[in-house]
1. Please specify each residue of segment 26-59 satisfying the condition of being assigned to a loop (DSSP other than H, G, I, E, B), modelled with pLDDT under 75 and charged (D, E, K, R).
2. List pairs: first residue in segment 61-77 and surrounded by 10 or more Cβ atoms within 10 Å (Cβ to Cβ), second residue of a type outside the set (A, V, I, L, M) and part of a helix (DSSP H, G or I) anywhere in the structure, Cβ distance under 6 angstrom, at least six positions apart or on different chains.
3. Within segment 13-25, does at least one residue satisfy the condition of being at pLDDT below 80, part of a loop (DSSP other than H, G, I, E, B) and at negative phi?
Amino acid sequence: MTRRAECYDPKILLKIVLLAYARGDMIAEDRAGLCENVVFNGVNLWQHPDHSTIAAFVATLKEEIQPLFRDVLLVWR
């Protein structure tokens with residue numbers, strides 16, 4: 001049984017999305033696969049949302065995520 005996006009801490013989902021975007025992984029399936037990566041496990045606290053959960057999260061908050069990602073990149077730069 002898959003967990004719905006509401007079952008995950010939005011901070012964790014946002015971290016997964018931002019790190020995936022930074023790595024160039026724009027497809028939801030790729031982002032979900034990264035949750036199995038050891039590096040991402042430190043960010044996602046060993047939670048493994050599936051691609052549909054991540055895609056629903058992005059679709060719901062797309063307008064908020066895009067400017068935040070831009071700001072994160074400016075800070076990293």
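The values are calculated or read from the model by the stated rules, or taken from the named source; none is laboratory data. Treat the numbers as computed from the prediction; the structure is a model and nothing was measured. Methodologically, a virtual Cβ is constructed for each residue, glycine included, from the backbone with ideal geometry; neighbour enumeration extends over all protein chains shown.
1. Selection gives 36 alone.
2. Partner pairs satisfying both residue conditions: 69/21.
3. yes
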